[in-house]
Amino acid sequence: MTSEEKAPRPLGDLERLVMEQLWAASEALTVRQVHERVATTRDLAYTTVMTVLDRLAKKELTERERDGKAWRYRAAAPREELAVDLMRDALDRAGDRREALVRFVGQVSDEEAALLREALAKLDGDTSGRAG
Amino acid sequence: MITPVLLAALALVLAGPAPALLARSDWPYRVPRAAIALWQAISLAAVLAALGAGISLSYSTAGQPGEPRFDPSSARDLVAAAVLAMTALVVVRLLWAAGRVAVGTRARRRRHRDLVDILATPDGLIPGLRVLEEQTPLAYCLPALRGARVVVSVGALDRLDDSELRAVLAHEQAHLRARHDLVLEAFTALHQAFPRFVRSDLALEQARTLVELLADDDARRRNGPRPLARALVALAGSPAPEAGLAAAKSATLLRVQRLADPTPDNRLLAATTYTAAVALLVVPTLTVAAPIVLAIVNAVS
């Protein structure tokens, strides 16, 4: 359990930070503009910001357009829209790709909810003496 | 001619009555790990028996060892070739379905993880935990070889106390550690490989329930049954956020009732189940292999 993210992947965290700048901006931003905005809170190299923007473009989370010699980046969709996409995907239980994510528990009907509370009451009642 | 008939009969039994009977029984829920092995053995044995029936039928139709050449003018040889081609088609469909499910699942998961990484906040409670700013109570995991995620919504956090949250996380981590998603993927591929009118989703549905029970057992061992049962009720019993989401029949009640019951000693049942699983695989394999081995021994001596 100590593996994987013990050494945090720095880029993953930065992706969120960079996306927040793009969402907040009213227009497409150059790498330099994103760097300026991020640099107010974090000490980051210009090339790091460039790498992160590049990765986000590959993931189709940003769109970029040529502006003279520079690229301008904008978010592929507003934050709210992506959040709706995510929730729809998380709650989607259909299709042959549903094993992509494994939910803890689905929602149940009202009758089943009543039965569930009954079963829980039984558990809370008669195992109180037992070491759980 | 007796071998292909026996194998075809075995394949039919393993594809129809055996799963129907097993799915109606309650005892597999007492030994989920062994029960998954049994379901895997039944599915694999059914496929092997069907393939074995095809191969041995074409073999027994297509002449004797003394006349090994294929004769296009012989109806017998043409039937044998057709049977063999059908058998090969089954293999191709299986491989194709497995590849399609694997690629599709990974693509959806990758996209979902990309969205989680820019929308959710990392939390250090366990590795890979992300908290989503959503009121819908939701907890799930995104399995991966590296960089797996456990996602919990704020709505879920609001409904859980500390011990319940730990139970949920232990459950999800059990899924990730044991790669239960791969077990389900194999059953999904098998399900997808067969035409709609012959396939049944019993094995896949049962496997889904059984891996939940396995993860529950893991969480129960760590935190006791009560926090987990309370977490299940808290997250399942909240109003459904979307119409049509609630499944007609869910395994949730089974899971909570199972946590409420004390766990008896199931070692004998588990051992018996494992033995049945092994026998299912060994017996048809030997049936197919034995005549071939005998033929080779005869040819050599």
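For chain B, the relative contact order is 23 percent, taking Cα pairs closer than 8 Å that sit 6 or more residues apart in sequence and dividing their mean separation by the residue count.
Applying Stokes-Einstein at 4 °C and 1.567 mPa s to the Kirkwood radius of the stretch B:122-265, computed over alpha-carbon pairs, gives a translational diffusion coefficient of 79 µm² s⁻¹. Count of lysine pairs in the protein assembly as shown with Cα atoms under 25 Å apart, counting only pairs 8 or more residues apart in sequence or on different chains? Within the protein assembly as shown, the lysine pair count is 4. Springs between alpha-carbon pairs under 10 angstrom, Gaussian network model over chain B: which of B:THR209, B:THR87, B:THR121 fluctuates most? For chain B, modelled as a Gaussian network with Cα springs under 10 Å, the answer is B:THR121.
For the protein assembly as shown, the equivalent ellipsoid derived from the alpha-carbon gyration tensor has semi-axes of 48, 33, 18 Å in decreasing order. For chain B, a Gaussian network of Cα nodes joined below 10 Å ranks B:VAL283, B:VAL168, B:VAL152 by mean-square fluctuation, and the top entry is B:VAL283. Take every DSSP beta bridge whose two residues both sit in the stretch B:122-265, then give the antiparallel share in percent to the nearest 5. Roughly 60 percent of the DSSP beta bridges within the stretch B:122-265 come out antiparallel. Projecting the Cα atoms of B:ILE292, B:LEU259, B:ALA170 onto the charge dipole of the protein assembly as shown (Cβ charges, centred on the Cα centre) puts B:ILE292 farthest toward the positive pole. Only Cα pairs under 8 Å and 6+ residues apart enter the sum, and on that basis the relative contact order of the stretch B:22-159 stands at 13 percent. Spin-label model, A:ASP85 to B:VAL5: label points 7 Å out along the Cα-to-beta-carbon direction sit 6.0 nm apart. Using a Gaussian network model of chain B in which every pair of alpha carbons under 10 angstrom is joined by a spring, one finds that among B:ARG146, B:ARG267, B:ARG255 the greatest mean-square fluctuation is at B:ARG146. Among the DSSP helices (H) of chain B, those spanning at least 27 angstrom by Cα along their long axis with an average Kyte-Doolittle hydropathy of 1.6 or more are B:267-300; this is a geometric and hydropathy rule only.
Based on the convex hull around the alpha carbon atoms, chain B presents an average projected area of 20.0 nm². Considering only beta bridges that DSSP places wholly inside the stretch B:43-155, some 65 percent are antiparallel. Model label sites at B:LEU145 and A:ARG98, defined 7 Å from Cα along the beta-carbon direction, differ in position by 2.8 nm.
So how much slack lies between B:ARG221 and B:ALA271, counting 0.36 nm per residue of separation and subtracting their Cα-Cα distance, in nm? Write down the numbers at each step before the final one.
On the way: separation 50, 0.36 × 50 = 18.00 nm, distance 2.08 nm.
Working it through step by step, the gained length comes to 15.9 nm.
Among DSSP beta bridges whose residues both lie in chain B, state the antiparallel percentage, nearest 5. Antiparallel bridges: around 65 percent, rounded to the nearest 5. Label zone of B:ARG100 (point 7 Å out along Cα→Cβ, amide N under 20 Å): in the stretch B:158-201 this covers B:182-201.
Here the contact order of the stretch A:4-75, divided by its residue count and restricted to Cα pairs under 8 Å and six or more residues apart, works out to 35 percent.
Counting every alpha-carbon pair across the stretch A:4-75, the share separated by more than 14 Å comes to 56%.
Any read-out appearing in this document is the output of simple, stated calculations on the displayed coordinates, not a laboratory observation. Please read these numbers as outputs of a predicted model, since none were measured by experiment. Please note: Cβ atoms are built from the backbone with ideal geometry, for glycine as well, and neighbour counts cover all protein chains shown.
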